[in-house]
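Any read-out appearing in this document is the output of simple, stated calculations on the displayed coordinates, not a laboratory observation. Everything numeric in this text was worked out from a predicted model, so none of it was measured. Backbone-built Cβ (ideal geometry, glycine too); neighbour counts: all protein chains shown.
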Amino acid sequence: MMSPDTEDRSTIGACAALLEQGRVLDGLSRLLTAVAVGLLFAGAFGLVPKALAVPVALIAVAFGLAETRLAIRVGFDAALLRDTAHRPQLAALDAALVRLGLIASEKAGRPLEERLAGAMRLMRRQGLCLAGQIGVLVLGALVAAALQGRGP
């Protein structure tokens with residue numbers, strides 16, 4: 001495919017706009033990662049039970065780091081797609097990405113649908129990392145509350 005038509009450009013623009021919303025996911029994940037780091041310190045200083053705080057916090061931080069990596073890729077894809085929607089030159093884009101070592105030469109020339117599906121897949125994974133982060137922190141809080149409710 002050399003150059004997307006008008007309908008393709010509209011689809012590319014819509015996909016870019018959706019991917020740009022990954023910033024919201026990233027902002028929330030960064031906040032939760034900071035909470036998890038705080039929980040690590042609280043466990044280390046004995047402010048909360050270390051046996052629960054440390055594993056919960058480490059898992060939440062790991063989800064946060066994975067989400068950050070995906071957020072960088074989603075943001076990059078959003079910017080590339082936004083540019084492609086305005087200046088549709090997929091062959092030139094592929095050549096630049098190959099030259100920069102960002103894609104293998106075998107991936108150049110992929111159909112537009114495959115490119116968009118890949119970008120959306122990254123954003124879904126980003127959302128899953130955020131969901132995992134929320135889940136582990138909520139579960140940790142529920143376990144802590146249950147343990148505290150039992151008393152010494």
Exercise. Would you look at the GNM of the chain, springs on alpha carbons closer than 10 Å, and say which of G22, G132, G101 moves the most?
Key: G101
Quiz item: Viscosity 1.567 mPa s, temperature 4 °C: Stokes-Einstein D of region 6-150 from its Kirkwood Cα radius, in µm² per second?
Solution: 76
Quiz item: Once you put a point 7 Å from the Cα of Q21 and another 7 Å from the Cα of V54, both along the Cβ direction, what distance in nm separates them?
Solution: 4.0
Quiz item: Once you charge only the Cβ atoms, +1 for Lys and Arg and -1 for Asp and Glu, what is the size of the charge dipole of region 6-150 about its Cα centre, to the nearest 20 debye?
Solution: 360
Quiz item: Given the Cα-Cα distance of F41 and D5 and 0.36 nm per residue of separation, how much length would full extension add, in nm?
Solution: 7.5 nm
Quiz item: Hey, with R₀ at 35 Å, roughly what FRET efficiency would I134 and Q89 work out to, going by the Cβ-Cβ distance, to 0.05?
Solution: 0.30
Practice problem: Specify the inter-centroid distance of region 102-152 and region 13-64, based on alpha-carbon positions, in whole Å. | Solution: 12
Quiz item: When only C-alpha pairs under 8 Å and at least 6 residues apart count, what is the relative contact order of the chain, in percent?
Solution: 38
Quiz item: How much length is gained if the chain between V143 and R124 is pulled fully straight, taking 0.36 nm per residue apart and subtracting their Cα-Cα distance, in nm to one decimal?
Solution: 4.0 nm
Quiz item: Of L90, A53, M120, whose Cα points farthest to the positive end of the dipole of region 6-150 (charges on the beta-carbon: +1 Lys, Arg; -1 Asp, Glu; origin at the Cα centre)?
Solution: A53
Practice problem: Along Cα→Cβ, 7 Å out, is where each label goes; now give me the distance between the ones at V98 and L28 in nm to one decimal. | Solution: 4.0
Quiz prompt | Helical segments meeting 30 Å axial Cα length and Kyte-Doolittle 0.5 threshold in the chain (DSSP H) | solution = 22-44, 50-86, 112-150
Quiz prompt | Prolate/oblate/rounded call for region 75-152, Cα gyration tensor, a/c under 1.5 rounded | solution = prolate
